[in-house]
Structure formats: C-alpha cells, structure tokens
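The values are calculated or read from the model by the stated rules, or taken from the named source; none is laboratory data. This structure is a prediction, so every number in the text was calculated from the model and none was measured. Positions of Cβ are generated from backbone atoms using ideal geometry, with glycine treated the same way; all protein chains shown enter the neighbour counts.
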Amino acid sequence: MDADNPAAERDIEKHLDLLESLLHKIIGASPFKLTFSIPKAAAHSGDPDSPEYVVDFSGPDADLLLEMHATLLHALEHVMLKAIRLEDDHLHRIAFDCKDWRLTRIGELQLMAQVAAERVIDTGSPFTLNPMNARERRIVHLALKDRPEVQTQSEGTGPERKVIIFPKK
C-alpha cells in the first residue's frame, strides 16, 4: 500500500472518484438493478494480492454478475480499470467483488491447487488446470510454492493461459 506516499494516495483517490462516477453512469443507463460501494479493503491472509479498495456490488441483479464463474464481474472490472486509465502496476490496488465471490474463489483455487498437486505426486504426471486470469494463476502458484514435490508453470497466451503442475525432478 502507498499510505506513506501521499502523491500515490491522491492519485488512487482521483482514480476512485472517476471510477465511482463512471460506474454510476453505466449502471444508471443499464437495466440492471445494482448498487455498489467502494470501501477500503480489509487485508485477508488468503488473498496474495489484497487490494486496497474493493468495488462491492449488491442488489436484486447481483447474481447476474456471478453467472458463468463471474464472467460479467471480471469483464466489468477489466473494462472499468482500463477506462479510468489506471496504470498496470496499480491494477492490484482495486478489485471488484459481489457477495464475497473473491474470497470464495480464492479458497476454491487454493483447494484445487492442493488436490491437483496430490494427483501429480501420486501419478508422476503433469496436470493442466483450466485457463485462468493472471490473479487466479498467481493464487495457484502461491498455494503450491511451499510444496517441494511439485513445481508450477504458466503456459499459453491471453485468455487461454493456464497453470501446469509438474512433479519436481
């Protein structure tokens, strides 16, 4: 976090104001019945990227953001962070969430990584996980970093990038 850097803190606050204004316009012009807040995020030990701020959605249509593994939520996050021109090295500072999806997904990914690692250890064969975004791949890599029997590697490009778990030689 950049609490000790006032210029960086003012910069992120400027981006948050722009994000809030833009989200109000987009949601207001859409048929979705959604509300949102942008609180400072509490640090969570399971989240390696613990954002400073979370855009948290709620409302009668909140479930639509979570359908198909939160595809709409992820797309909205991607488009909005690009629209406010947040620099790439600051993207981790703001995350989008709905009904605690992020923390639930982190737990799922950590469990999936451990189960896949056990399979790799048992069979001696590499195991390829489904494609994931960069944040999710990072969670898998970190979940297995202390497992000396396996190693992880990301392969592929763009939305088809995935983690492969290999037995350590």
Strands (runs of 3 or more DSSP E) contained entirely in region 68-169, each with at least 3 residues that are modelled with pLDDT of 95 or more, touching an Asp or Glu at 6+ places or on another chain (Cβ under 9 Å) and over 28 Å from His24 (Cα atoms): 162-167
Residue that is more than 24 Å from Thr157 (Cβ to Cβ) and either more than 13 Å from the chain's Cα centre (by Cα) or hydrophobic (A, V, I, L, M, F, W, C) (or both), where the choices are Arg93, Arg119: Arg119
Hey, Leu34 modelled with pLDDT of 95 or more, touching a Gly at 6+ places or on another chain (Cβ under 9 Å), surrounded by 16 or more Cβ atoms within 10 Å (Cβ to Cβ) and over 21 Å from Gly107 (Cβ atoms) or not: yes
Test: residue in region 79-88 that is of a type in the set (Asp, Glu), farther than 21 Å from Leu23 by Cβ and surrounded by fewer than 18 Cβ atoms within 10 Å (Cβ to Cβ): no
Members of region 62-73 that are surrounded by fewer than 20 Cβ atoms within 10 Å (Cβ to Cβ) and on the phi > 0 side of the Ramachandran plot: Met68, His69
Considering residues of region 9-38 that are part of a helix (DSSP H, G or I) and touching a helix residue (DSSP H, G or I) at 6+ places or on another chain (Cβ under 9 Å) only, the residue farthest from Leu65 (Cα to Cα): Asp11
Options Gly158, Gly59; residue that is surrounded by fewer than 20 Cβ atoms within 10 Å (Cβ to Cβ) and touching a residue at least 24 places away in the same chain (Cβ under 8 Å): Gly59
Flag if Glu149 is over 24 Å from Thr35 (Cα atoms), of a type in the set (Asp, Glu), in contact with a strand residue (DSSP E or B) (Cβ under 9 Å, 6 or more places away or on another chain) and in contact (Cβ under 8 Å) with a residue 12 or more places away in the chain: yes
